[in-house]
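Colleague: The structure follows.
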2 protein chains.
Amino acid sequence: MSEKKKILIIYAHPEPKSFNGALLNKAIEIFQNQEHEVKVSDLYEMNFQAVATKKDFTSLKNPEFFKMQLEQRQNNMIDEIKNEQKKVEWADLVIFIFPLWWSGLPAILKGWFDRVFYQWPKLYDQGVFKEKKSLLSVSTGAPRSLYTERGLNGNISKILYSITHGCLYFCGFQVLPTSYHYSVGQSEKIAEECLLSWEERLKNIFDEKPLNFNGLKDYGERGLSQGKKTDLEIIGELL
Amino acid sequence: MSEKKKILIIYAHPEPKSFNGALLNKAIEIFQNQEHEVKVSDLYEMNFQAVATKKDFTSLKNPEFFKMQLEQRQNNMIDEIKNEQKKVEWADLVIFIFPLWWSGLPAILKGWFDRVFYQWPKLYDQGVFKEKKSLLSVSTGAPRSLYTERGLNGNISKILYSITHGCLYFCGFQVLPTSYHYSVGQSEKIAEECLLSWEERLKNIFDEKPLNFNGLKDYGERGLSQGKKTDLEIIGELL
């Protein structure tokens, strides 16, 4: 029996019967079969507030001039936010399941990052979450061919760099290669195949190695050390 | 007297006294002095709903299985959304003023794209908005040095590719080079200098040439024609 793990799933889709809903259900099933612990934040179901405002804080250091980062440092967020932060702190692995909307996160999930994450004092490989793993599951309407390096929309791993690198690795998370589910909605067959490969992947997800991003020590005053690949190049090579 | 233009500003910041608020006010002032017409969507002030839901539609083609893209094609959005769409259709230039949060759009602005934009039938250089120009104004807390090609956060033009290319050019917009305002909040002096260069730029904004992205004719069955730079490369060279 392998070690019992704690998994948090952040799920952002308005329709429970959707393909993304099936990905969520499959993930829960797999992890429960393996006797891991699973928590889910179903953002639509929770009616999660997407927009960061003054109301996110029980009291304000400066009510006359709202500076979100300043207020976040006081650590006086409302319970809706603290509860999410506690779940992240609890987890060994955080999985984000969402459809690609306008080349990015659905607003409800972007708002989760805006409100729940804050400028942790240490960054990247020194970040507070460096012992935790993270994984994006992204569904697209368009086929894979449009998301290659020279495809019409461009390399999807690079499109998602602002999330994998700018949100997750920024806070220290180890980032596993993203699971892409292309052309879903095109046919039942495609959806079934995607679900099957999702299931296979999740079964051994804790054996996987994270992306080999550069660490703080790789940067000098003039930026990344000569000869090293940038993190965008590293992530772009996955496709 | 130069031609009278129609300018729409989409503004996303919770604090009117902020640097972003000053950018907005300066833009309105410049354009009104030039006797252009200006409309503003102040998303926080409007209490704009960020999260796309079933309630965005006056009636649903399929209430049992919510498929947003399907519903959007029926063109039965509620007035809050239609009003924004009309403003976009009215404008010659759309300017987005926002702070960079988690390497991306504040959720309220991402939600504006999720709800207001939809899959127009033609894309990229054939897109429905191909006669219109667009411009991002992005403020960051971190200095420029962190956002270079080999900086710690990576090339900011590439970080924003999912917006300039994935949202704006996707719908046909001509995309002007983004205005970056780095290290704002660091000192009054920096903020003043940024405001001054913003003012200078806007005075002649209609003389500027958009980014020279590839058009649909540049793509064959195997993707972008050999020898051509990808749009990500084109945008990345701006820094």
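The values are calculated or read from the model by the stated rules, or taken from the named source; none is laboratory data. Bear in mind that the values here come from a model prediction, so they are computed numbers and not experimental data. Quick reminder, even Gly has a Cβ in these numbers, built from the backbone with ideal geometry, and neighbours come from all protein chains shown. These area figures cover heavy atoms from the full protein model, side chains too; ligands, DNA and RNA do not enter into them. Shrake-Rupley method; radii C 1.70, N 1.55, O 1.52, S 1.80 Å.
Colleague: Does the stretch B:71-104 hold any residues that are closer than 23 Å to B:Gln174 by Cα, open to solvent by 30 Å² or more (accessible area, probe 1.4 Å) and either in contact with a Cys (Cβ under 6 Å, 6 or more places away or on another chain) or among the acidic types (Asp, Glu) (or both), and which are they? Even if it seems obvious, please write down each step before you answer.
Modeller: At the first step, the residues of the stretch B:71-104 found to be closer than 23 Å to B:Gln174 by Cα are B:81-100, B:103-104.
Imposing the further condition that a residue be open to solvent by 30 Å² or more (accessible area, probe 1.4 Å) reduces the set to B:82-83, B:86-87, B:89-90, B:92.
Residues satisfying the conditions are B:Glu89, B:Asp92.
Colleague: Restricting attention to the stretch A:170-187, does a residue exist that is in contact (Cβ under 8 Å) with a residue 24 or more places away in the chain, closer than 23 Å to B:Gly236 by Cα and facing another protein chain (nearest Cβ under 9 Å)?
Modeller: Yes, the stretch A:170-187 contains a residue that is in contact (Cβ under 8 Å) with a residue 24 or more places away in the chain, closer than 23 Å to B:Gly236 by Cα and facing another protein chain (nearest Cβ under 9 Å).
Colleague: Cβ-Cβ below 8 Å, separation at least six or inter-chain, first residue in the stretch A:84-103 and farther than 20 Å from A:Ala22 by Cβ and without any contact (Cβ under 8 Å) to a residue 24 or more places away in the chain, second outside any strand (DSSP E or B) and open to solvent by 20 Å² or more (accessible area, probe 1.4 Å): which pairs?
Modeller: A:Trp102/B:Phe170
Quick grid of which residues meet (1) closer than 30 Å to A:Lys228 by Cα; (2) at pLDDT below 95; (3) not β-branched (Val, Ile, Thr):
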{"site": "B:Phe129", "(1), (2), (3)": "no, no, yes"}
{"site": "B:Ser134", "(1), (2), (3)": "no, no, yes"}
{"site": "B:Ser137", "(1), (2), (3)": "no, no, yes"}
{"site": "B:Tyr182", "(1), (2), (3)": "yes, no, yes"}
{"site": "B:Glu188", "(1), (2), (3)": "no, yes, yes"}
{"site": "B:Ala191", "(1), (2), (3)": "no, yes, yes"}
{"site": "B:Glu221", "(1), (2), (3)": "no, yes, yes"}
{"site": "B:Leu224", "(1), (2), (3)": "yes, no, yes"}
{"site": "B:Glu233", "(1), (2), (3)": "yes, no, yes"}
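Colleague: A follow-up question, please. Mind checking which pairs have a first residue in the stretch A:126-146 that is free of Cβ contacts under 8 Å to residues at least 40 places away in the same chain and a second that is crowded, with 17+ Cβ neighbours inside 10 Å and aliphatic (A, V, I, L, M), Cβ under 8 Å, 6 or more apart or different chains?
Modeller: A:Leu146/A:Leu152
Colleague: Name every residue in the stretch A:198-217 that is within 11 Å of chain B (Cβ to nearest Cβ) and open to solvent by 20 Å² or more (accessible area, probe 1.4 Å), in order of residue number.
Modeller: A:Phe213, A:Leu216, listed by residue number.
Colleague: Hey, does the stretch A:161-175 have a residue that's assigned to a strand (DSSP E or B) and either in contact with a Gly (Cβ under 7 Å, 6 or more places away or on another chain) or at pLDDT below 95 (or both)?
Modeller: Taking the stretch A:161-175 first, the residues assigned to a strand (DSSP E or B) are A:174-175.
Remaining after also requiring either in contact with a Gly (Cβ under 7 Å, 6 or more places away or on another chain) or at pLDDT below 95 (or both): none.
The answer is no; no qualifying residue exists.
Colleague: On the given criteria, is B:Lys87 modelled with pLDDT of 95 or more, among the basic types (Lys, Arg) and under 19 Å from B:Leu176 (Cβ atoms)?
Modeller: Judged against the criteria, B:Lys87 is a match.
Colleague: Follow-up. Would you confirm, using the coordinates I've provided, whether A:Arg150 is within 13 Å of chain B (Cβ to nearest Cβ) and free of Cβ contacts under 8 Å to residues at least 40 places away in the same chain?
Modeller: Answer is yes for this residue.
Colleague: Hey, B:Leu135 hits all of (1) in a strand (DSSP E or B); (2) within 28 Å of B:Glu71 (Cα to Cα); (3) aliphatic (A, V, I, L, M) but one; which does it fall short on?
Modeller: With respect to (1) in a strand (DSSP E or B); (2) within 28 Å of B:Glu71 (Cα to Cα); (3) aliphatic (A, V, I, L, M), B:Leu135 is out only on (2).
Colleague: OK, next. Restricting to the stretch A:41-54, give me the number of residues that are of a type outside the set (Phe, Trp, Tyr), buried (at least 19 other Cβ atoms within 10 Å of the Cβ) and under 22 Å from A:Gly21 (Cβ atoms).
Modeller: Total satisfying the criteria: 4.
Colleague: So, one more: Quick one: B:Ala142 ticks every box in (1) more than 25 Å from B:Ala191 (Cβ to Cβ); (2) not in a helix (DSSP H, G or I) bar one, so which box is it?
Modeller: That leaves (1) as the condition not met.
Colleague: Filter the stretch B:106-120 down to the residues that are within 7 Å of another protein chain (Cβ to nearest Cβ) and in a loop (DSSP other than H, G, I, E, B), then identify the one that is modelled with the lowest pLDDT. First the steps, then the outcome.
Modeller: First pass over the stretch B:106-120, keeping only residues within 7 Å of another protein chain (Cβ to nearest Cβ): B:106-108, B:110-111, B:113-114, B:117.
Those left that are additionally in a loop (DSSP other than H, G, I, E, B): B:106, B:117.
On the way: B:Pro106: 98, B:Phe117: 94.
The selected residue is B:Phe117.
Colleague: Looking at the stretch B:6-20, is at least one residue touching a His at 6+ places or on another chain (Cβ under 8 Å) and among the basic types (Lys, Arg)?
Modeller: yes
Colleague: Among (1) more than 11 Å from chain B (Cβ to nearest Cβ); (2) among the aliphatic types (A, V, I, L, M); (3) more than 28 Å from B:Lys229 (Cα to Cα), where does A:Leu123 come up short?
Modeller: For A:Leu123, the failing item is (1).
Colleague: Please determine, by comparing only the residues of the stretch A:181-197 that are in contact with a Phe, Trp or Tyr (Cβ under 9 Å, 6 or more places away or on another chain) and not in a helix (DSSP H, G or I), which one is surrounded by the most Cβ atoms within 10 Å (Cβ to Cβ). Show your work before the answer.
Modeller: Narrowing the stretch A:181-197 to residues in contact with a Phe, Trp or Tyr (Cβ under 9 Å, 6 or more places away or on another chain): A:181-182, A:184-185, A:190-191, A:194-195.
Now restrict to residues that are not in a helix (DSSP H, G or I): A:181-182, A:184-185.
Values: A:His181: 23, A:Tyr182: 19, A:Val184: 20, A:Gly185: 16.
Among them, the one singled out is A:His181.
Colleague: Please return the ranges of helices (runs of 4 or more DSSP H) entirely within the stretch A:1-99 where 3 or more residues are more than 12 Å from every other protein chain (Cβ to nearest Cβ) and within 18 Å of the chain's Cα centre (by Cα).
Modeller: A:19-33, A:79-90
Colleague: Then there's this: Return the residues of the stretch B:55-66 that are farther than 13 Å from B:Ile81 by Cβ and surrounded by fewer than 19 Cβ atoms within 10 Å (Cβ to Cβ); say none if nothing qualifies.
Modeller: Taking the stretch B:55-66 as the starting set, the residues that turn out to be farther than 13 Å from B:Ile81 by Cβ are B:59-66.
Passing the criteria: B:Ser59, B:Leu60, B:Lys61, B:Asn62, B:Pro63, B:Glu64, B:Phe65.
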